[in-house]
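The values are calculated or read from the model by the stated rules, or taken from the named source; none is laboratory data. Note that this is a predicted model, so its numbers are computed, not measured. Using ideal geometry, Cβ is built from the backbone for each residue, glycine included, and neighbour counts are taken over all protein chains shown. For accessibility, only protein heavy atoms count, side chains too; no ligands or nucleic acids. Shrake-Rupley method; radii C 1.70, N 1.55, O 1.52, S 1.80 Å.
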Amino acid sequence: MRVSKRASGALAVGAAFALVATGCSSGNSDGGDAGASKDGAITIHGVQPENPLVPANTTETGGGKIIDNLWTGLVEYPNNGGAPQNALADTIETKDSKVFTIKIKQNTKFHDGTPVKAKNFVDAWNWAAYSPNGAANGSFFSDIQGYEDVATSDPDGDGPQKAPQPKVDKMSGLKVLDDWSFEVTLAAPTAVFPTKLGYSAFMPLPDAFFTQKAEDFGKKPIGNGPVKFVSWQDNVEIKLTRFDDYTLRDKLKIKDVTVKLYQDENAAYSDLISGNLDFMETVPTSALAGEKYKADLGDRALNTVTPSTAFIAFPIYDKRFANKDLRKAVSLSIDRQAISDKIFFGTRKPADSWANPLTPGAPAGNCTSCKFDPAQAKELLAKAGGFTGEMVFYYNADSSHKDWMEAVAQQVKTNLNINARAEGVPTFAVFRQNINAYKMKGPYRAAWQQDYPDIENWVNPLFTSTGSSNDGKYVNPAVDAGAKEASAAADLEASHKKFEEVLKLVDEDVPTIPIYFYGQQAGHSEKIKKLELTNVGELDLSSVEL
Amino acid sequence: MGRYLVRRLLQLVPVFIGTTFLIYWLVWSVPGDPFAGKCGERRCPQQYIDFMTDKYNLDQNIFVQYFTYMQNLLQGDFGETFSGRSINDIILTSYPNTMKLAVVALAIEAVIGLTAGVLTGLRRNGFLDNLVLVSTLFLIALPVFVVGFVLQWLFGVQWGIVKPTVSSEMRFSELIIPGFVLGSASMAYIARVARTSIAENRRSDYVRTAIAKGLPMRRVVGVHLLRNSLIPVVTLLGTDLGALMGGAIVTEGIFQINGIGRQVFRSIVTKESATVVSIVIVLVLVYLLMNLLVDLLYAALDPRIRYE
């Protein structure tokens, strides 16, 4: 896999934050005390996984972070946010981005001692895609030839009819060549496919998985990653320990890791500052006010950026929001810098681009309507014929979005003289239900965190007419065509260039408006002398030294 | 006595059926599709939603769902959560924790509350009386989460005497502060009720007689006075134990205790009706039995009370 010019830009930013992340070690000699690390144990923050720990069935971060440590996939995403590198894969070869031949490293082991072979991948993927198994990540395999034959859905949504039984239970696009190699044929050329392979849905499963129920396996998962599973006490803790036969990367320098499952992040924070918890990836909002966490933690406070963006999305299916000049006017009337400074104390950065610039292939600063220009905003509003009635900005009230959404509404009100206000929807579930049913009556908050580091993940799901998260029904045939061409490009560099052009079209239409890039404030105990964060801001266990 | 007991136990049946259906219906009518927000900002695949809907009978009407649930329940099976965990296991692991905390809280409030009540009831209007009056007012006025966070911060973070949260072993020593927090408001009420009751009975004839007989003061207070004054206190303690057994969402949350309150809260939020109803059934049973126990205790304390 090659790193394009744009990606190396992101790499530089990433490297800078990796330095910040490891800056905590500077007070001591470089690194930790090897003796203390050797049999050391740490306790880190976690939340109870919602589902049994099966990679293809985990869609939330509580389980996701355990899965990411228990498994190592074909490729992995480096901590500095750069392009993926081969991990378990020896080579991934293709001539046309349609047929991939994947060779895996020989003689690596699962935690139960069995070798990781090509069939462990093929079987795992077939299991996840087969719809009667009900895997929540099943749709990740829709690129592969024969997916439609194994995944069927209820023809009338959730009504009396049942989904028909799939004709076959194996995708025709997957073929085991020998113990250590297999061939993947996609339905259409997809340049970004190798990048996706680091996502947890694509992890291999040991033979033991197929001899028991998925739920039972998920209670005592067997992976192939740097740590292995020891025990799981519901809502209390998950214990992990070093996997001594791990050969894909450096082994853990410490021995035991306890993931303490918290319900209340303030309780976790109290534990962190009193030294009973060694790492917390996101300090609670209450500790951000007045930069309290910096006073509490000193140089043990880490301030980094993550590749996620907060948006305000428009229900374009509502005629009142169909005019792109109106959407542009709203975007130009928002003072993002003020929101970042006053409400987030600078922990989040004003957004200026469509794809998060930490992502390989994503250019920075390509959102021309992300600046603050009330005069131009008023002109555009007049050109769009004004806005009559009330403009209500919706957010889910079970998370801390009230402050910034009200600020947005207030700015629109002041700068455009639109009768705007913000309104909370009680829970995320109700909020998403309305969005999924296309029943939103005004602009609403949205956020996107990439599944895998590539600009493709910021275009196809969000801006193409069939995109999985194009909730506003934005349709632009030119964008669709461009994205299709970009996805099918022969290599990543060409693909990135085309996607960049597609984003120029998106920039003219303003289907959503980027507001801020997420930052992350983590903290660790005095016990940890050295650490690194992964590309999504979780603790990289292999890097921890005591 | 025996007939009374049978009658009370029979009364449990309609209450049991009524409450379970009500709760089932309430959780069922909470707005929000359980799978709408489950996959984050992305829709869950239709295949996944179909699978779950079918597995948990979510496309049936509420009566069918309720009866299927009750059928399994009568066979001792509470069902499983959306993540496939057995609800029996959830209750079995978290309920002992809630009970431990409840017992510690009850012990603290009974000992401190009663001592303060007896001392102030015997010597009214003294310095101690005023001190207890003010401090109980203070405790009653403070919401539990304030007491919880302040004590956690003082003892756990500032002074470092205890760990801020309870460990997985649930050691007794770790439960003292959470128990105090949980019992603080009731402790204040108990002190006040005991004080009034003692002060009232202090002037009654039998106490005067006992003193006139020349009984030592310790015996007058300990046997004659206290036993008669305990009835309102026992009522309070009994209903409180029922409430404490119902779990303490706030206290369990602050101190990271894996109890039943946390489970109920989590299941309501994720709209898992089976889990909510199962836990509530256990709570309803405990509450009803506690009330029965208190009623029976009256007879033991006051020979004038008889049950037919």
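Considering protein heavy atoms only and a 1.4 Å probe radius, which residues within the stretch A:419-436 exhibit an accessible-area decrease of no less than 50 Å² in the full assembly relative to the chain by itself?
A:Phe428, A:Arg432, A:Gln433, A:Asn436
Counting only heavy atoms of protein chains, what accessible area per residue, in Å², does the stretch B:18-77 have with a probe of 1.4 Å?
Numbers: 3050 Å² over 60 residues.
The answer is 51 Å² per residue.
For the pair A:Lys383/B:Trp25, report the inter-label distance in nm, with labels modelled 7 Å from Cα in the Cβ direction.
Using points 7 Å along Cα→Cβ, the separation is 5.8 nm.
Compute the distance from the alpha-carbon center of the stretch A:108-133 to that of the stretch B:204-283, in whole Å.
Distance between centres, Cα-based: 54 Å.
Can you list the aspartates and glutamates whose alpha carbon sits under 20 Å from that of B:Lys100, skipping same-chain ones fewer than 8 residues off?
Candidates past the 8-residue exclusion: A:Asp234, A:Glu237, B:Asp89, B:Glu109, B:Glu169, B:Glu174, B:Asp240, B:Glu252.
Given a cut-off of under 8 Å on Cα pairs at least six residues apart, what relative contact order in percent is computed for chain A? Walk me through the numbers on the way to the answer.
On the way: 1199 pairs, mean separation 117.7, N = 546.
22 percent.
Which whole-number percent is the relative contact order of the stretch B:94-301 (Cα, under 8 Å, 6+ apart)?
Numbers: 251 pairs, mean separation 62.3, N = 208.
So the answer I get is 30 percent.
Once A and B are treated as a pair rather than alone, how much accessible area drops out, both sides summed, in Å² to 100, probe 1.4 Å?
Details: alone 22940 and 17420 Å², together 36230 Å².
Heavy-atom accessible area buried at this interface is about 4100 Å².
What lysines does A:Lys294 reach when the alpha-carbon gap must be under 26 Å and sequence neighbours fewer than 8 apart in one chain are set aside?
Reachable lysines: A:Lys65, A:Lys260, A:Lys342, A:Lys349, A:Lys402, A:Lys527, A:Lys529, A:Lys530, B:Lys163.
Helix hunt in chain B: which complete DSSP H runs extend at least 20 Å axially by C-alpha with mean Kyte-Doolittle at least -0.5? Show your work: numbers first, answer last.
On the way: long enough: B:2-28 (39 Å, 1.07); B:87-122 (50 Å, 1.32); B:127-141 (21 Å, 2.05); B:176-202 (35 Å, 0.61); B:226-245 (27 Å, 1.16); B:273-301 (41 Å, 2.34).
Those that pass (Cα extent of 20 Å or more, hydropathy at least -0.5) are B:2-28, B:87-122, B:127-141, B:176-202, B:226-245, B:273-301.
So which DSSP H runs in chain A come out at 20 Å plus along the axis (Cα) with average Kyte-Doolittle of at least 0.5?
A:5-22
Starting from the Cα gyration tensor of the stretch A:456-510, take the square roots of the eigenvalues, sort them a ≥ b ≥ c, and report rounded, prolate or oblate (rounded when a/c is under 1.5, otherwise prolate if a/b is larger than b/c, else oblate). Working shown, then result.
Working: a/c = 2.07, a/b = 1.58, b/c = 1.31.
Prolate is the answer for the stretch A:456-510, as a/c is 1.5 or above and a/b outweighs b/c.
Give me the base-10 log of I(q)/I(0) for the stretch B:94-301 at each q in 0.10, 0.12, 0.14, 0.18 Å⁻¹, Debye formula, one uniform scatterer per Cα, rounded to two decimals.
Ignoring solvent entirely, the Cα scatterers give -0.51, -0.71, -0.90, -1.23.
Once the Cβ-Cβ distance between A:Glu291 and B:Asp77 is put in as r, and R0 is 60 Å, what FRET efficiency do you end up with, to the nearest 0.05? Present the calculation step by step, with values, prior to reporting the outcome.
Details: r = 52 Å, r/R0 = 0.87.
Efficiency computed from Cβ-Cβ geometry: 0.70.
Relative to the present Cα-Cα distance, how much length would full extension add between B:Val282 and B:Ala243 at 0.36 nm per residue of separation? Don't skip to the end; give the middle numbers.
Values: separation 39, 0.36 × 39 = 14.04 nm, distance 1.25 nm.
Net length gain for the segment: 12.8 nm.
Within the stretch B:1-100, what whole-number % of the accessible surface is contributed by carbon and sulfur, with the 1.4 Å probe and all protein chains included in the calculation? List each step's numbers first, then the result.
Numbers: 3520 of 5290 Å².
The nonpolar share, carbon plus sulfur, comes to 66 percent.
Just add up the charged neighbours of A:Ile513: K/R +1, D/E -1, any other residue whose Cβ is under 12 Å from the Cβ of A:Ile513. Present the calculation step by step, with values, prior to reporting the outcome.
Numbers: positive: A:Lys324, A:Arg327, A:Lys328, A:Arg336, A:Lys371, A:Arg445; negative: A:Asp352, A:Asp507, A:Asp509.
My count for the surroundings of A:Ile513 gives +3.
Find out how many positive minus negative residues lie around B:Leu26, taking Lys and Arg as positive, Asp and Glu as negative, among other residues whose Cβ is under 15 Å from that of B:Leu26. Don't skip to the answer; put the middle values down first.
Details: positive: B:Lys271; negative: B:Glu272.
Once all neighbours under 15 Å are counted, the net charge is 0.
Where in the stretch A:109-154 does accessible area fall by at least 30 Å² between the isolated chain and the complete protein assembly, at a 1.4 Å probe radius?
So the qualifying set is A:Gly134, A:Ala136, A:Ser153.
Rounded to the nearest 0.05, what FRET efficiency do A:Phe210 and A:Asp398 give with R0 = 41 Å and r taken as the Cβ-Cβ distance? Could you check? Each step should come with its number before you reach the end.
On the way: r = 39 Å, r/R0 = 0.94.
My answer for the efficiency is 0.60.
Let a ≥ b ≥ c be the square roots of the eigenvalues of the Cα gyration tensor of the stretch B:18-77; is it rounded (a/c under 1.5), or, if not, prolate (a/b larger than b/c) or oblate?
Prolate, because a/c is 1.5 or more and a/b exceeds b/c.
In nm, what is the difference between 0.36 nm times the number of residues separating A:Ala41 and A:Asp256 and their Cα-Cα distance?
Numbers: separation 215, 0.36 × 215 = 77.40 nm, distance 0.44 nm.
Taking 0.36 nm per residue and subtracting the Cα distance, the gain is 77.0 nm.
Between A:Ala364 and A:Thr185, what FRET efficiency follows from the Cβ-Cβ distance if R0 is 41 Å, with the result rounded to 0.05? Show your work: numbers first, answer last.
On the way: r = 36 Å, r/R0 = 0.88.
My answer for the efficiency is 0.70.
Would you mind computing, in nm to one decimal, how far apart the modelled labels at B:Asp59 and A:Ser153 are, each placed 7 Å from Cα along Cα→Cβ?
1.4
Can you pick out the pairs among A:Lys119/A:Lys167; A:Lys167/A:Lys239; A:Lys441/B:Lys55; A:Lys109/A:Lys498; A:Lys119/A:Lys213 whose Cα atoms lie more than 30 Å from each other?
Details: A:Lys119/A:Lys167 22 Å; A:Lys167/A:Lys239 41 Å; A:Lys441/B:Lys55 34 Å; A:Lys109/A:Lys498 40 Å; A:Lys119/A:Lys213 19 Å.
Pairs exceeding 30 Å: A:Lys167/A:Lys239; A:Lys441/B:Lys55; A:Lys109/A:Lys498.
Over the stretch A:444-546, with every protein chain in place, what whole percent of the accessible area is carbon and sulfur at 1.4 Å, could you tell me? Spell out each step's value before the answer.
Numbers: 1650 of 3190 Å².
That fraction is 52 percent.
In the structure displayed, which of A:Lys117/A:Lys175; A:Lys328/A:Lys413; A:Lys371/A:Lys473 lie more than 18 Å apart, Cα to Cα? All intermediate terms of the calculation are to be shown ahead of the outcome.
Numbers: A:Lys117/A:Lys175 13 Å; A:Lys328/A:Lys413 15 Å; A:Lys371/A:Lys473 25 Å.
Long pairs (Cα-Cα over 18 Å): A:Lys371/A:Lys473.
Residues of the stretch B:4-53 losing 50 Å² or more of accessible surface, assembly versus chain alone, probe 1.4 Å, please list them.
In the stretch B:4-53, residues shielded by partner chains: B:Ala36, B:Lys38, B:Glu41, B:Arg42, B:Arg43, B:Pro45, B:Gln47, B:Tyr48, B:Asp50, B:Phe51.
Taking B:Lys38 as the anchor, which lysines have their alpha carbon closer than 16 Å to its alpha carbon, excluding any fewer than eight residues away along the same chain?
Candidates past the 8-residue exclusion: B:Lys271.
Distance from the Cα centre of the stretch B:1-51 to that of the stretch A:36-107, in angstrom?
Going from one Cα centre to the other spans 38 Å.
Using a probe radius of 1.4 Å on heavy atoms only, what accessible surface per residue do you get for the stretch B:207-267? Whole Å² is fine.
Working: 2500 Å² over 61 residues.
The answer is 41 Å² per residue.
Does chain A come out rounded, prolate or oblate by the C-alpha gyration tensor, with a ≥ b ≥ c the root eigenvalues, rounded set by a/c under 1.5 and, if not, prolate when a/b is larger than b/c and oblate if not? List each step's numbers first, then the result.
Numbers: a/c = 1.69, a/b = 1.21, b/c = 1.40.
Judged from the Cα gyration tensor, chain A comes out oblate (a/c at least 1.5, b/c at or above a/b).
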